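The values are calculated or read from the model by the stated rules, or taken from the named source; none is laboratory data. Being a predicted model, the structure only gives us computed values, none of them experimental. Cβ placement follows ideal geometry from the backbone for every residue including glycine, while neighbour counts extend to all protein chains displayed. These accessible areas exclude ligands, DNA and RNA; they are computed on the full protein's heavy atoms, side chains included. Shrake-Rupley method; radii C 1.70, N 1.55, O 1.52, S 1.80 Å.
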There are 2 protein chains.
Amino acid sequence: MSDTKRILGIDPGSRLTGFGVLDYRGDSPTYVTSGTVKSADGGFADRLRQIYEAVNSIVDEYRPDIVVIESVFMHRNASSALKLGHARAAALCATFGYDLEVYEYAPREIKQAVVGTGAATKEQVQHMVVSILQLDGTPAADAADALATALCHGTQRRLRARLGSGNRIAGTA
Amino acid sequence: MSDTKRILGIDPGSRLTGFGVLDYRGDSPTYVTSGTVKSADGGFADRLRQIYEAVNSIVDEYRPDIVVIESVFMHRNASSALKLGHARAAALCATFGYDLEVYEYAPREIKQAVVGTGAATKEQVQHMVVSILQLDGTPAADAADALATALCHGTQRRLRARLGSGNRIAGTA
């Protein structure tokens, strides 16, 4: 198993946070799990706590080597940006107790890597995730985005091994 | 000690996070500690980790009953809002492992409570914090803001005991 890297992809949101776990042996991804964390109830701090605790449980159960998270595109709306920033930070903080590498990619990079165009629709992302990972069913949109985030990193790792670039934002390895 | 409530005030920022700890016995605050967490080095996720780990250490060492944090005023700038949202969430997440009450107040509420006007300057806040807590020196601006946040909650608790209102955003007690 030492040449298998487990990647956790996260698509953060203040009400729905998608997650997806893939095992990479070399260039080849295998689906492990995916899903959506709902954090719709309670006050804002309670919702952050739900994201934090859920991502913490996922990391604790699946023990990924690498966490990959969507970076945030600039919202026109400062209030939305603030909420999304909180949610994204809660997901990141939940991984800090583990010694993981953390990477980020912009949504358009993820779509480009998985669909071949940075302007892909959510349905196109879902379709390609199902096709690449040979899934029996279609994951919910946020889970599919999280799987696409993990797939994007898998592709980038391969390229980076050749080109020596990346989006590493934290971690020791 | 059972009638003493320990309050941790936090003034979050992506580069400087102020903190201040006060003990309230009834209406009377006693200064415990204050300071500033610097998180200027490294990538953005590393800076979040510094805030998260520093606030975690403060909570672990001082064991407050209550955490009070500044709410975020609407930035004109979505990029600043996003960074501040991340920093604030990292500080909040660092308290989630403890069973604390969490409250928030807007900057103008804090200034109103401590200085008597919501338009107070940083210097006025520092001056009143020194005066109310009878400090020998003047805390740095972010530490003074954090102490003011804790003082604001102390005042509001007293009012709330009479009026039954508040800004509770999380916690069980």
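Summary table below
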| item | result |
| --- | --- |
| Per-selection metrics, the stretch B:1-88 (Cα): Rg and Dmax in Å | 14.5, 45 |
| Label distances, nm, residue A:27 versus same residue in remaining copies, Cβ-directed 7 Å point | 7.5 |
| Cα centre as origin, Lys/Arg/Asp/Glu Cβ charges: the stretch B:4-163 dipole, Debye | 420 |
| Above-threshold pairs, the threshold being 18 Å between Cα atoms, out of A:38/B:83; A:5/A:122; A:83/B:83 | A:38/B:83; A:5/A:122 |
| Beta bridges per DSSP with both ends in chain B, % antiparallel, nearest 5 | 70 |
| Inter-part distance where the stretch B:77-143 and the stretch A:1-74 are each reduced to a Cα centre, Å | 32 |
| Under Karplus coefficients 6.51, -1.76 and 1.60, residue-wise ³J(HN,Hα) of the stretch B:147-153 in Hz, glycine/proline x | 5, 5, 5, 5, 4, 4, 5 |
| Ellipsoid equivalent to the stretch A:63-123 - semi-axes via the Cα gyration tensor, in Å | 22, 19, 7 |
| Percent accessible area from carbon and sulfur atoms, chain B, protein chains only, probe 1.4 Å | 47 |
| Chain pair A, B: total accessible area buried, heavy atoms, 1.4 Å probe, Å² | 2300 |
| Cα-derived Rg over Rh, computed across chain A with Rh taken as Kirkwood radius | 0.94 |
| Per-residue SASA entry for residue A:49, accessible area with 1.4 Å probe, Å² rounded to 10 | 50 |
| Relative contact order (%) - criterion: Cα under 8 Å, at least six apart; region: chain A | 29 |
| Rounded to 5, the percent of DSSP beta bridges in the protein assembly as shown classed as antiparallel | 70 |
| Cα gyration tensor category, rounded, prolate or oblate, for the stretch B:46-91 with a/c compared to 1.5 | oblate |
| Ellipticity estimate at 222 nm from DSSP helix runs (n ≥ 4, -39,500 (n - 2.57)) divided over the protein assembly as shown, nearest 500 | -15000 deg cm²/dmol |
| Using θ = phi - 60° and Karplus 6.51 cos²θ - 1.76 cosθ + 1.60, couplings along the stretch A:128-144 (whole Hz; Gly, Pro as x) | 6, 4, 4, 5, 5, 8, 6, 7, 6, x, 9, x, 4, 3, 5, 5, 4 |
| Calculated log₁₀ intensity ratio I(q)/I(0) where the Debye formula runs over C-alpha points of the protein assembly as shown, q = 0.07, 0.12, 0.13 Å⁻¹ | -0.32, -0.83, -0.94 |
| Inter-chain shielding of A:43-52 (mean C-beta neighbours from other protein chains, 10 Å cut-off) | 6 |
| Principal-axis tilt of helix A:78-93 within chain A, Cα atoms, nearest 10 degrees | 60 |
| Shielded by partner chains, the stretch B:87-106 residues - at least 50 Å² of accessible area, 1.4 Å probe, vs chain alone | B:93, B:96 |
